[in-house]
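The structure appears below as structure tokens.
The values are calculated or read from the model by the stated rules, or taken from the named source; none is laboratory data. Given the structure is predicted, the values throughout are model-derived calculations rather than measurements. Ideal geometry is used to build each Cβ from the backbone, glycine not excepted, and the neighbour counts take in all protein chains shown. In case anyone asks, the SASA skips ligands and DNA or RNA and just uses the protein heavy atoms, side chains included. Shrake-Rupley method; radii C 1.70, N 1.55, O 1.52, S 1.80 Å.
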Amino acid sequence: PGIVGLVVFLLRVLVNKQDVDTCEFTPFVGLLTFLWAVLCNKFWERRENQLAFDWGTFSFAGGPQESLLKLGRRPGFKGHMSINPVTGKKELYFSPAKRRLRYLVTFLVTLILLSFASTFMVISMNAQGYISSNDFPKDREHPLLYPFIARLAEPGGIFDAESPVKSIIPIIIRA
């Protein structure tokens, strides 16, 4: 996919003088990349199973993992021993309050990381010229507009959106 993408880029910029939004080959590169990713994943799964079998780490049904699952325990389950009020037997127990706390912490960390990723994407869109001060002429305080970075994508700027070479710099930085 990388070579095909490079060929389409060179055709688009040098021969057809088109941008990425009007090039008729771009959707086909996306489709090819999608198909490559799906097929690569399937073939790697086969190879992984073959290597696991060759190395003797392949888990057959009825192995130690399977027997633990039949007993209702996952091998990675952590908890403390407690008496089950229904059966009267000792078993591993993990408090629902601790579980909810872990869910909350996971949710907050995910939210913070998503906000960083979203902010970085908006800044990148400003640097590429997709968001500019022309989009919000009356609203200079718009949350998606970063004027300093958007000015860098204007004609003559270091990320000039009109230039076939300078417009690639924000893409390389984002990658």
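Every residue, every condition in (1) aliphatic (A, V, I, L, M); (2) surrounded by 15 or more Cβ atoms within 10 Å (Cβ to Cβ), yes or no:
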position: Thr110; (1), (2): no, no
position: Leu114; (1), (2): yes, no
position: Ser133; (1), (2): no, yes
position: Phe136; (1), (2): no, yes
position: Asp139; (1), (2): no, no
position: His142; (1), (2): no, no
position: Glu154; (1), (2): no, yes
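Contact map, the range 47-65: residues that are open to solvent by less than 90 Å² (accessible area, probe 1.4 Å) paired with residues that are modelled with pLDDT under 80, Cβ distance under 6 Å, separation 6+ or inter-chain. Pairs shown: Ala52/Phe58; Ser59/Gln65. Counting the residues of the range 140-170 that are touching a Ser or Thr at 6+ places or on another chain (Cβ under 8 Å) and either aliphatic (A, V, I, L, M) or under 19 Å from Leu11 (Cα atoms) (or both) gives 4. Within 30 Å of Phe77 (Cβ to Cβ) and at pLDDT 90 or above - does that describe any residue in the range 117-125? So far as the range 117-125 goes, no, none of its residues is within 30 Å of Phe77 (Cβ to Cβ) and at pLDDT 90 or above.
For the range 156-175, filtered to residues that are exposed (fewer than 14 other Cβ atoms within 10 Å of the Cβ), aliphatic (A, V, I, L, M) and in a loop (DSSP other than H, G, I, E, B), the residue that is modelled with the highest pLDDT is Ile158.
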